[in-house]
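To start, the structure under review is shown below, and the notes come after it.
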Amino acid sequence: MDTTLFAVADSKVFRSDDNSKNWKEVNNGLISAVSLLAVSDTIIYARVERDIYYSLNGGLEWWNGGGVEYGIQCMEVGGKYLFLGIGAPFFIPNTVWRRPLSEMTTTDIKDNNRPFPSGFELYQNYPNPFNPITNIKFNLFKRSFVYLKVFDSMGREIATLVSGELIAGKHTIIWNASEMSSGVYFYRLQVGMQSETKKLILLK
């Protein structure tokens, strides 16, 4: 991607900005083993088991773009489509599938409000901008194991607000950012293999 290189090694994604002299992990949001990458302009796609994840910011954060029922053997971007080579079970022949890129990704994090089949709904924090306390609300439509984490603008995890099983229903989590500096942050709700990320702004 321009002068940036990406590689999969040891089931993780790595990035190099200096022609492969140094590499760093860029796996925030990838909760399982990665085996394939594909690139389209400024968007990176990664195969995670039977799901395709994508990153809009050079691998700093990843979002789930959906998956297929069968094993993905290879993938490539062609024009406006992502093509998948499917290694199907014995009763279904091997096939090539395609999906429009526009169905999988958004062009801005704040517009990432697609419905998720895992049964949750994440709301924009309130107030936003805030100083230094804000409320993060979400709905669970079934009992689920939940992660709610906060990241800085570089994709580094700075806080874990929830890590555990919650009952179905409405939940409100309070984040006190009194020890953080002003700036743009992101909070990500992860339920099973699905996640959603939203932006919040701290102004002191």
Matching residues in segment 138-162 - criterion: being touching a Lys or Arg at 6+ places or on another chain (Cβ under 8 Å) and of a type in the set (S, T, Y)
Y147, T160
Could you grab the pairs with beta carbons closer than 7 Å, sequence gap of 6+ or different chains, first residue in segment 146-163 and without any contact (Cβ under 8 Å) to a residue 24 or more places away in the chain and within 21 Å of N57 (Cα to Cα), second one buried (at least 18 other Cβ atoms within 10 Å of the Cβ) and among the charged types (D, E, K, R)?
A159/K149
Qualifying position, being surrounded by fewer than 16 Cβ atoms within 10 Å (Cβ to Cβ) and in contact with a Pro (Cβ under 9 Å, 6 or more places away or on another chain), among N139, N176
N176
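A quick yes/no check of all residues on (1) among the aliphatic types (A, V, I, L, M); (2) under 17 Å from V191 (Cα atoms); (3) at pLDDT 85 or above:
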position: V26; (1), (2), (3): yes, no, yes
position: T42; (1), (2), (3): no, no, no
position: G58; (1), (2), (3): no, no, no
position: W62; (1), (2), (3): no, yes, no
position: G67; (1), (2), (3): no, yes, no
position: Y81; (1), (2), (3): no, no, yes
position: A88; (1), (2), (3): yes, no, no
Could you list, in sequence order, the residues of segment 127-159 that are more than 15 Å from the chain's Cα centre (by Cα) and more than 17 Å from T172 (Cα to Cα)?
P129, N131, I158
For segment 2-25, pairs from a residue that is in the same structural domain as Y45 (by TED's automatic domain parsing) and exposed (fewer than 11 other Cβ atoms within 10 Å of the Cβ) to a residue that is assigned to a strand (DSSP E or B) and among the aliphatic types (A, V, I, L, M), with Cβ under 7 Å and 6 or more apart or across chains, are S20/L5
Residues of segment 90-113 being of a type in the set (A, V, I, L, M), at pLDDT 65 or above and surrounded by fewer than 13 Cβ atoms within 10 Å (Cβ to Cβ), which ones?
V96
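The values are calculated or read from the model by the stated rules, or taken from the named source; none is laboratory data. These numbers come from a predicted model, not from an experiment. Counting neighbours? That spans all protein chains shown, and the Cβs are built from the backbone with ideal geometry, glycine included.
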